[in-house]
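K.L.:
Got a structure for you, written out below as structure tokens; questions coming shortly.
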Amino acid sequence: MRFFLAAIGALAIIVGLGCAAFFFGGFYSVAGTSDDPAAVTWALTRVRAASIERHANDKPPASFGDDAMVRKGAMTYASYGCANCHGAPGVKWLKYSEGLHPDPPDLKDVAGELSPAELFWVVKNGINMTGMPSFAQAGASDDEIWSIVAFVKKLPGTSEADYKSWSSGAQLKQ
Ligand code: HEC
């Protein structure tokens with residue numbers, strides 16, 4: 001029994017030293033071009049979804065989803081540069097979005113999967129260690145973020161002409 005425990009302890013130390021050498025020795029590649037092993041991607045996706053679900057508790061305002069709010073949301077979406085990474089009806093994603101890893105999803109595909117509270121939480125707080133910024137830190141108010149969420153929810157049915165007219169004159173925030 002004693003020998004057995006000692007062997008486990010020794011093995012744990014060897015594995016620990018091996019990991020330390022691998023990571024601190026620079027052997028692990030942080031390149032944005034290297035693919036994560038499938039198990040890592042699976043685990044990170046699950047952790048992200050569970051974290052968003054647990055944290056997203058804010059209630060949408062009473063006016064949520066009315067036309068004025070959706071239009072204001074399109075304007076706000078354009079001025080915070082969401083379209084650069086996620087695209088928009090009739091708007092091309094900027095070339096650099098192809099170099100982001102994990103890659104930014106097309107929001108009309110996720111609009112139905114995430115609740116308004118979950119969308120609000122993601123846009124407000126961002127997603128750590130990805131290219132998704134926290135827009136609260138970028139200066140957006142809760143009202144602005146709710147309007148963006150109202151617009152994102154309507155994205156699947158928004159035509160190019162609608163988006164163009166709702167976002168016309170938008171100035172990129174600097
Ligand atoms: C610099 C690029 C960039 C910008 C600008 C950006 N995003 Fe993102 N966004 C990302 C990336 C990358 C991800 C994917 C993160 C991941 O896979 O965990 C993401 C994820 C998201 C998600 C979560 C999708 C999901 O399936 O969980 C939402 C919602 C979102 N972004 C909305 C927005 C909105 C709205 C804006 C503008 C206010 C915005 N993003 C601006 C890069 C960006």
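K.L.:
Taking R0 as 45 Å, what FRET efficiency do you get between MET129 and ILE14 from their Cβ-Cβ distance, rounded to the nearest 0.05?
P.N.:
The value I calculate is 0.95.
K.L.:
So, one more: If I model a spin label as a point 7 Å beyond the Cα along the Cα-Cβ vector, how far apart are those points for ASN57 and PHE23 in nm?
P.N.:
For the pair ASN57/PHE23, the computed spacing is 3.1 nm.
K.L.:
Report the rotationally averaged projected area of the range 58-166 based on its alpha-carbon convex hull, in square nanometres. Walk me through the numbers before you get to the answer.
P.N.:
Numbers: hull surface 25.6 nm².
Projected area, direction-averaged: 6.4 nm².
K.L.:
Sticking with this structure for a sec: If we sort 152-159, 40-47, 108-115, 73-80 on the protection proxy, mean other Cβ atoms within 10 Å, highest first, what's the order?
P.N.:
Listed from highest to lowest mean packing, they are 73-80, 152-159, 108-115, 40-47.
K.L.:
For a footprinting-style exposure proxy, rank PHE120, PHE64 by other Cβ within 10 Å, fewest first.
P.N.:
PHE64, PHE120
K.L.:
Give the order of ILE148, ILE127 when sorted by the count of other beta carbons within 10 angstrom, beginning with the fewest.
P.N.:
Working: ILE148 29, ILE127 14.
In increasing order of surrounding Cβ atoms, one gets ILE127, ILE148.
K.L.:
Could you give the length gained by full extension between ALA43 and ALA6, i.e. 0.36 nm per residue of separation minus their alpha carbon distance, to one decimal place?
P.N.:
Stretched fully, the ALA43-ALA6 segment lengthens by 10.1 nm.
K.L.:
Moving to a separate point now. With the radius of gyration and the Kirkwood radius both derived from the Cα set of the range 1-119, what is their ratio Rg to Rh? Don't jump to the answer; show the numbers that get you there.
P.N.:
Values: Rg = 22.4 Å, Rh = 18.9 Å.
Radius of gyration over Kirkwood radius for the range 1-119 works out to 1.18.
K.L.:
Which trypsin sites (Lys or Arg not before Pro) does the range 52-89 hold that lie in a coil by DSSP with at most 16 other beta carbons within 10 Å?
P.N.:
Sites meeting the loop and neighbour criteria: none at all.
Where a number appears in this text, it was derived from the coordinates with a stated rule and is not lab data. All values derive from a computational prediction rather than experimental measurement. When we count neighbours, we look across all protein chains shown, and the Cβ atoms used for this are built from the backbone with ideal geometry, even at glycine.
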